[in-house]
Structure formats: structure tokens, C-alpha cells
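Chemist: Right, I'll just put the structure down here and ask away after.
The values are calculated or read from the model by the stated rules, or taken from the named source; none is laboratory data. Computed from a prediction, not measured in an experiment: that's the story for all the values here. In this analysis, Cβ positions are derived from the backbone assuming ideal geometry, glycine residues included, and neighbour counts consider all displayed protein chains.
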Number of protein chains: 2
Amino acid sequence: MAEGIKLALVGATGAVGQEMLKIMEERKLKINELVCLADPREAGSKVKFAGEDLTVRAASNDAFKWADVAMFAVGTDISKQLIPEAVANDCVAIDNSYAFRLDDNVPLVVPEVNPEDVDWHKGIIANPNCSTIIMVVAINPIHQAAGLKRVIVSTYQAVSGAGKAGLDELDQHVKAHIDGIQPVLEVFQHPIAFNLIPHIDVFVEEDYTREEMKMVWETRKIMHAPDLKIAATAVRVPVYRSHSESINLETEKPLSVTQAREILSQAPGIIVQDDPQNNHYPMPLFTSNSDEVFVGRIRRDISTDNGLAIWIAADQIRKGAATNAIQIAELIVEKNLY
Amino acid sequence: MAEGIKLALVGATGAVGQEMLKIMEERKLKINELVCLADPREAGSKVKFAGEDLTVRAASNDAFKWADVAMFAVGTDISKQLIPEAVANDCVAIDNSYAFRLDDNVPLVVPEVNPEDVDWHKGIIANPNCSTIIMVVAINPIHQAAGLKRVIVSTYQAVSGAGKAGLDELDQHVKAHIDGIQPVLEVFQHPIAFNLIPHIDVFVEEDYTREEMKMVWETRKIMHAPDLKIAATAVRVPVYRSHSESINLETEKPLSVTQAREILSQAPGIIVQDDPQNNHYPMPLFTSNSDEVFVGRIRRDISTDNGLAIWIAADQIRKGAATNAIQIAELIVEKNLY
């Protein structure tokens with residue numbers, strides 16, 4: 001560690017926090033010094049970073065006074081409680097929770113889509129919802145080229161969206177199924193092994209879930225498209241850690257499938273995997289541990305004029321959370337915005 | 001067995017054939033006598049029906065001469081070969097395969113939707129694709145009430161769509177995953193445990209699969225809606241035997257969510273399961289071994305005027321195949337069309 005930021009990582013022991021540590025190292029985020037913070041009950045435990053064991057401390061104002069930037073990989077309630085303290089201590093907060101995402105004073109950033117929004121931050125930058133991040137990386141290039149009018153998306157979301165507990169619960173439910181015993185429900189509302197649950201987060205308005213409405217509200221904010229029409233159906237599936245989405249798009253201007261494929265191939269953060277005759281298309285089992293959004297099944301939506309259909313998959317813990325947050329930190333460092 | 005039809009069941013030993021035997025018994029199909037047929041290699045084996053062991057015979061013209069009605073639960077190639085022989089011997093064929101579905105001389109029937117089409121049969125009645133059957137039961141009542149203009153559907157299809165071999169392959173892939181060994185690929189193009197495969201049947205036109213195009217072609221024929229706009233994305237999921245679908249509908253006339261829920265509640269073959277605040281919605285693990293299509297998550301499609309979104313699940317082997325075929329046989333008996 002040499003020149004760079006003094007960084008505090010809050011929630012260092014969780015699934016996203018652990019992944020952030022890996023990705024900071026892989027991407028060589030310019031860190032002068034790193035302090036790992038967590039709940040006081042976890043103070044004293046160790047986490048690995050760049051071959052060293054770091055001791056986890058309880059989050060405190062002293063840490064925020066010291067740090068240039070703090071990454072928050074904790075739940076909404078803890079973010080709401082700690083982030084004002086970080087900001088009051090002149091520490092830039094990058095928040096993975098839902099707490100500040102829709103606040104007009106807080107930029108909501110996907111670096112491939114709206115990197116310029118970090119420039120006007122007032123102390124907090126929000127990291128979007130995982131399904132939303134993955135979708136906007138794939139649809140923004142189409143929006144830039146032909147103007148999006150409408151998006152219909154059905155998701156196929158991995159259990160990692162519910163953190164390490166979600167991963168463990170899928171394991172436990174598979175085992176219960178094999179042993180012929182009742183699965184224990186702790187994280188999910190219903191058994192998830194060999195099942196689908198069309199219910200993620202709580203129901204909020206017009207019988208849409210908050211997960212579905214996040215894909216509406218957050219996409220509009222990130223893409224600066226307040227009038228974009230979006231309808232989502234969010235479904236939990238028995239897959240470990242990559243989310244997939246079936247997306248139907250309507251554009252203002254016509255765009256051929258060839259043009260769309262070309263545009264997506266050249267867009268940042270995307271790997272086009274679209275050779276159906278050779279059985280190549282994105283699949284969640286093979287997109288995990290990657291930072292890109294995989295896009296395939298690119299074809300005309302034959303039910304409308306100026307329509308496209310695509311199928312995408314991306315690692316929910318990485319690009320859907322940790323990688324995107326680290327990319328925001330990189331922008332902060334590059335642009336000297338701390 | 002008393003008054004009723006002389007029935008031949010071709011493919012009695014397969015997953016769908018076995019289910020047909022169960023359902024004939026449950027629904028008390030009026031059978032005078034039943035003969036079970038299969039591939040010559042399976043002749044001599046036994047199948048259970050109504051507590052009796054029936055000996056399977058090789059399919060033959062003699063059997064078709066004897067039978068009033070023959071149900072075909074075999075692949076497209078065998079249907080193409082045997083059904084002309086059945087028809088030539090004055091035996092009415094109910095075919096579960098794809099062979100004759102789009103033939104203008106063959107009615108394609110879902111009894112809840114177009115029972116009147118059995119009246120004009122010329123010897124063959126086709127049983128539709130499983131994903132299509134399930135969808136039309138759910139969307140036809142909306143079409144009757146408000147006129148459908150456009151359907152966008154993303155499927156979540158169980159491995160039973162690939163027969164008993166598909167069920168066995170999911171088991172084998174789950175075991176391989178747990179044991180940390182490579183899964184053997186026999187039925188599916190890729191591992192299916194903890195994965196999603198956006199590829200069912202072969203790619204046919206504009207990079208759509210035949211499974212996706214069946215949902216277009218067959219839906220239009222069954223619903224007598226040749227201009228209905230439909231786009232489908234068909235995805236295999238690690239679920240055993242119920243298919244699920246996320247469907248977005250656009251109607252000519254406005255229809256409130258309350259009206260739609262009421263219409264669906266009174267429609268034949270549907271169970272509305274739509275109480276999201278109490279975590280009630282259709283899920284494939286709980287709709288298996290039922291004959292109804294379960295419909296829930298009924299809500300406005302907030303991305304368009306006159307739009308509705310629904311989520312459905314139904315047993316692919318039963319309503320998606322065997323039950324629908326037996327219901328067609330019931331119509332043949334009731335209407336004395338043999």
C-alpha cells in the first residue's frame with residue numbers, strides 16, 4: 001500500500017464485503033491504507049487482504065475521521081445510521097444499500113452508464129440494486145443508439161441475492177429434498193430447491209415487489225430517463241450466484257439485430273455470447289466470478305415494430321454489487337473527488 | 001370397463017403414457033376396453049391400469065382396426081409413421097407430438113379454449129405443446145373479455161419436458177454437483193443443476209427456438225387469433241415437473257386488475273392463487289400433480305396502457321400433456337365423434 005486513499009470497509013465480514021476485498025486486490029484499487037470495520041460483535045476477527053490478515057474493528061467516528069472514503073456493504077438500517085456520521089466527518093461514503101439510492105442529493109452510479117454523476121456527489125454515492133445494475137449495463141448502449149421507449153423484464157435471480165444465508169439455505173433445501181425431510185425456512189418464504197419463488201423483497205405498490213420497482217425507479221435515475229416505461233417480474237430461482245434476465249425492448253428508432261449485436265459487442269462491461277447454433281448463450285453457472293454482463297439471444301422482438309429481445313446473465317455478488325462499488329471508488333480516486 | 005370406447009394407448013410405457021393411464025382412471029374416461037401399445041422391444045412388459053396388470057403389445061394395424069380411438073404419447077417421427085395407419089383403419093388419433101399440430105386439416109385443441117374444434121376432425125386431433133397449453137388456458141379468458149393484441153412471455157420450464165430422461169438427468173447433475181464431479185450430458189446441452197439454459201428444442205428462425213415459435217404458431221391456431229402478436233423466450237430451469245411463465249399482455253379494451261382477477265377466477269381449468277401479502281402465488285413445487293393452471297401475481301403492466309402482467313404455473317406432464325389429451329378423448333366420447 002502506498003499512494004492512494006485511506007479506505008474504510010464497513011461490513012468486511014459479509015458476502016459482499018469479502019468479495020470487495022478480493023476485487024480491490026485484483027483491480028489494484030489505489031489504497032494508501034485499509035481499515036476493515038464491522039459490527040462490534042465481530043471486532044477482533046480477521047479478514048484476508050493481499051496476503052495479510054487484517055483485524056476487524058468496530059465501526060466508529062474515529063475511523064471515519066481518519067478515512068478518505070468508506071465503502072458500506074451492510075444493510076439499509078446500518079447504512080442509514082452510520083453514513084451521516086461518515087459524511088459529517090468528511091469521509092466519502094459509497095453505499096451498497098437501498099438507504100440513499102432514490103435521494104435527489106445522492107448520485108446512483110453504474111460506471112459504464114453514468115460515470116459523470118460521481119462529479120456532483122455531496123458525500124454519498126449509492127450503488128444500485130443488483131438486478132438493475134446488470135440490466136442497465138446491457139440496455140444503455142441500445143438506449144444511446146436508438147432511444148428506449150419501453151422495457152419488459154422477467155428475472156431469474158440467484159440465492160446469493162440474500163447473501164451467504166441465501167447460499168446456505170439453497171444447500172440446506174437441496175439436502176432436505178434428497179433426504180425426504182421438510183426444509184427449514186429462514187431466508188426464503190418457501191422452499192427454494194427445485195422451485196421458483198415469484199417474490200423478492202416486500203410488496204409495495206399495485207402488487208409489485210420492491211425488487212421489481214427498484215428496477216423501474218433506479219433504472220430511470222441511472223439512465224436519466226425519467227419517462228422510460230418499465231415493467232418487471234422478479235423471480236428467485238435455485239441458482240447460486242449469477243442473476244439472469246429475459247428482456248424485451250422497444251426503441252424509438254429502428255435498430256437491426258446486426259446493429260444491436262455490433263453496438264453491444266463494443267460497449268463497456270459487456271461480453272456478447274450469442275452463437276445459438278453452437279449452443280453459446282449466457283448461463284448463470286458459467287458467468288459467476290466474472291465482472292462482465294454476458295448478453296446473448298439477441299433477436300428481433302417479433303411482437304412489435306422496433307423491438308429487440310435479449311437474454312443476459314451476470315455475477316450478482318460481483319458486477320451486481322462489489323465490483324460496481326469498487327469501480328465507483330476507482331472513479332473517486334481518478335477524479336480526485338475525496 | 002363397460003360401455004365406452006375401445007381405446008389403444010400408444011407409448012404406454014413413457015412418462016406421458018404412464019400419466020395418461022393414471023388420469024384415465026382418475027377421470028373415469030368411458031372405456032369399453034383398453035389395449036396398451038409400444039415399441040416392439042417393449043412388447044410383453046406390463047403396465048398398471050385400474051389395479052390390473054396389462055400386457056404391452058407391439059403397435060399394429062390390427063390394433064388400430066379394433067380400436068375406436070388411439071392416443072399417441074410417442075415422438076414426432078413415430079406419430080408420423082403410425083398415425084396415417086390408424087386413420088386408414090378408421091381409428092381416431094389423438095396425437096401428443098408435434099407432427100400434425102400445424103396441419104390445416106387437423107384441429108389443435110385445448111378443451112377449455114376451443115372444444116368446438118374437435119367437431120371438424122378428419123381422423124386426427126393434435127394435443128398442443130405443453131408451454132402453449134398452459135398459457136392459452138390462462139390468457140384466453142382475458143382475450144374473450146378484452147381482446148388480446150400482444151403477448152410477451154418468458155418461460156421457466158421443468159426438466160420433465162424432456163421426459164423421464166430429463167428428470168433423471170437433473171438428479172444425476174445434482175449428485176455430480178454435490179460430489180464435485182463433471183455431470184454427464186445426455187439430454188440437455190449443458191449442466192442443468194443450479195443453472196438455466198435459454199435453449200429448448202432447435203433454433204429455427206430469426207434465432208428463435210422451435211419451442212418459442214410453437215408458443216406463437218400454436219397459440220394463434222388454438223385461439224383463432226391469426227394476427228395475435230406474440231414473442232416468447234423459453235428457458236429450462238432446475239425444477240422437476242411444473243412449468244412456470246411470466247406473461248405480459250396488452251388488450252384492445254381496458255380491463256381492471258379486479259375485473260381480470262374475477263374473470264380468471266370463473267374461467268375453466270384455472271385456480272387463481274393471488275394473495276401476495278400472505279405469500280400466496282403459484283410455485284412449481286406446489287402445482288405438480290394438479291390438472292389446473294395456477295394464476296397469480298395479477299397486476300397492471302405499468303409500462304403500457306391496457307396492460308396486464310400475470311405469473312402462472314402448471315404441471316407440465318398433466319395439463320401440459322396427458323390431462324389435455326384425456327380431456328380431448330372425453331370430448332370425442334361425449335360428442336360421439338368416433
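Chemist: Across segment A:282-318, which residue is farthest from the chain's Cα centre (by Cα) among those that are in a loop (DSSP other than H, G, I, E, B) and more than 12 Å from chain B (Cβ to nearest Cβ)? Write out each step before concluding.
Modeler: Filtering segment A:282-318 for residues in a loop (DSSP other than H, G, I, E, B) gives A:282-283, A:288-292, A:301-306, A:316-317.
Now narrow it down to the ones that are more than 12 Å from chain B (Cβ to nearest Cβ): A:289-292, A:306, A:316-317.
On the way: A:Asn289: 13, A:Ser290: 13, A:Asp291: 11, A:Glu292: 12, A:Asn306: 29, A:Gln316: 6, A:Ile317: 7 Å.
Going through the qualifying residues, I end up with A:Asn306.
Chemist: Restricting attention to segment A:239-271, report how many residues are touching a Leu at 6+ places or on another chain (Cβ under 6 Å) and surrounded by 23 or more Cβ atoms within 10 Å (Cβ to Cβ).
Modeler: Residues in segment A:239-271 being touching a Leu at 6+ places or on another chain (Cβ under 6 Å) and surrounded by 23 or more Cβ atoms within 10 Å (Cβ to Cβ): 3 in total.
Chemist: In segment A:225-244, how many residues are more than 18 Å from the chain's Cα centre (by Cα) and assigned to a loop (DSSP other than H, G, I, E, B)? If you could, list the steps in order and put the result at the bottom.
Modeler: The first filter runs over segment A:225-244 and keeps only residues more than 18 Å from the chain's Cα centre (by Cα), leaving A:225-231, A:238.
From what's left, assigned to a loop (DSSP other than H, G, I, E, B): A:225-228, A:238.
Adding up the residues that qualify gives 5.
Chemist: Right, next: So which of B:Leu82, B:Leu102 ends up being at pLDDT 95 or above and either touching a helix residue (DSSP H, G or I) at 6+ places or on another chain (Cβ under 7 Å) or charged (D, E, K, R) (or both)? Explain how you work it out, then say what you get.
Modeler: Numbers: B:Leu82 fails: either touching a helix residue (DSSP H, G or I) at 6+ places or on another chain (Cβ under 7 Å) or charged (D, E, K, R) (or both).
Of the residues listed, the single one that is at pLDDT 95 or above and either touching a helix residue (DSSP H, G or I) at 6+ places or on another chain (Cβ under 7 Å) or charged (D, E, K, R) (or both) is B:Leu102.
Chemist: A further question follows. Give segment B:107-142 a look and list any residue that's closer than 19 Å to B:Val69 by Cβ, β-branched (Val, Ile, Thr) and in a loop (DSSP other than H, G, I, E, B), or say none.
Modeler: B:Val109, B:Val110
Chemist: Can you report the number of residues in segment B:250-281 which are assigned to a loop (DSSP other than H, G, I, E, B), under 27 Å from the mean Cα position of the chain (by Cα) and more than 14 Å from chain A (Cβ to nearest Cβ)?
Modeler: First, the residues of segment B:250-281 that are assigned to a loop (DSSP other than H, G, I, E, B): B:252-256, B:267-269, B:273-274, B:279, B:281.
Filter again for under 27 Å from the mean Cα position of the chain (by Cα), leaving B:267-269, B:273-274, B:281.
Pick out the ones that are also more than 14 Å from chain A (Cβ to nearest Cβ) and you get B:267-269.
Looking only at that region, the number is 3.
Chemist: Let me ask something additional. Just to be sure I understand, how many residues within segment B:2-34 are of a type in the set (A, V, I, L, M) and closer than 20 Å to B:Asn89 by Cβ?
Modeler: Step one: of segment B:2-34, the residues of a type in the set (A, V, I, L, M) are B:2, B:5, B:7-10, B:12, B:15-16, B:20-21, B:23-24, B:29, B:31, B:34.
When the remaining residues are screened for being closer than 20 Å to B:Asn89 by Cβ, the result is B:5, B:7-10, B:12, B:31, B:34.
Number of matching residues: 8.
Yes/no per residue for (1) surrounded by 19 or more Cβ atoms within 10 Å (Cβ to Cβ); (2) in the same structural domain as A:Lys122 (by TED's automatic domain parsing); (3) in a helix (DSSP H, G or I):
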| residue | (1), (2), (3) |
| --- | --- |
| A:Leu29 | yes, yes, no |
| A:Leu34 | yes, yes, no |
| A:Lys65 | no, yes, yes |
| A:Met71 | yes, yes, no |
| A:Lys80 | no, yes, yes |
| A:Val87 | no, yes, yes |
| A:Ala93 | yes, yes, no |
| A:Asn105 | no, yes, no |
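Chemist: Check segment B:217-224 and report whether any residue there is part of a loop (DSSP other than H, G, I, E, B) and within 12 Å of chain A (Cβ to nearest Cβ).
Modeler: We begin by selecting, within segment B:217-224, every residue part of a loop (DSSP other than H, G, I, E, B); these are B:223-224.
Restricting the remaining residues to those that are within 12 Å of chain A (Cβ to nearest Cβ) gives none.
Taking every residue of segment B:217-224 in turn, none turns out to be part of a loop (DSSP other than H, G, I, E, B) and within 12 Å of chain A (Cβ to nearest Cβ).
Chemist: If I filter segment B:144-173 down to residues being small (Gly, Ala, Ser) and assigned to a helix (DSSP H, G or I), which single residue comes out as nearest to the chain's Cα centre (by Cα)?
Modeler: Residues of segment B:144-173 that are small (Gly, Ala, Ser), as a first pass: B:145-147, B:154, B:158, B:160-163, B:165-166.
Now restrict to residues that are assigned to a helix (DSSP H, G or I): B:145-146, B:160-163, B:165-166.
Values: B:Ala145: 24, B:Ala146: 25, B:Ser160: 11, B:Gly161: 9, B:Ala162: 12, B:Gly163: 12, B:Ala165: 18, B:Gly166: 16 Å.
Out of the qualifying residues, it is B:Gly161.
Chemist: A further question on this structure: Determine, yes or no, whether A:Ile326 is among the β-branched types (Val, Ile, Thr) and either surrounded by 19 or more Cβ atoms within 10 Å (Cβ to Cβ) or within 15 Å of A:Ala138 (Cβ to Cβ) (or both). Write out each step before concluding.
Modeler: Working: among the β-branched types (Val, Ile, Thr): yes; either surrounded by 19 or more Cβ atoms within 10 Å (Cβ to Cβ) or within 15 Å of A:Ala138 (Cβ to Cβ) (or both): yes.
Yes.
Chemist: Here is a further query. Have a look at B:Ala193, B:Ala176 and point out the one that is more than 20 Å from the chain's Cα centre (by Cα), surrounded by fewer than 22 Cβ atoms within 10 Å (Cβ to Cβ) and either assigned to a helix (DSSP H, G or I) or facing chain A (nearest Cβ under 9 Å) (or both). If you could, list the steps in order and put the result at the bottom.
Modeler: Working: B:Ala193 fails: surrounded by fewer than 22 Cβ atoms within 10 Å (Cβ to Cβ).
Result: B:Ala176 is the single residue among B:Ala193, B:Ala176 that is more than 20 Å from the chain's Cα centre (by Cα), surrounded by fewer than 22 Cβ atoms within 10 Å (Cβ to Cβ) and either assigned to a helix (DSSP H, G or I) or facing chain A (nearest Cβ under 9 Å) (or both).
Chemist: Would you be able to say whether some residue in segment A:73-86 is closer than 17 Å to A:Thr323 by Cβ and within 19 Å of the chain's Cα centre (by Cα)?
Modeler: Taking every residue of segment A:73-86 in turn, at least one turns out to be closer than 17 Å to A:Thr323 by Cβ and within 19 Å of the chain's Cα centre (by Cα).
Chemist: Tell me which residues, restricted to segment B:274-295, are under 19 Å from B:Gln259 (Cα atoms) and of a type in the set (Ser, Thr, Tyr).
Modeler: Going through segment B:274-295, the residues under 19 Å from B:Gln259 (Cα atoms) turn out to be B:274-276, B:281, B:293-295.
Passing the criteria: only B:Tyr281.
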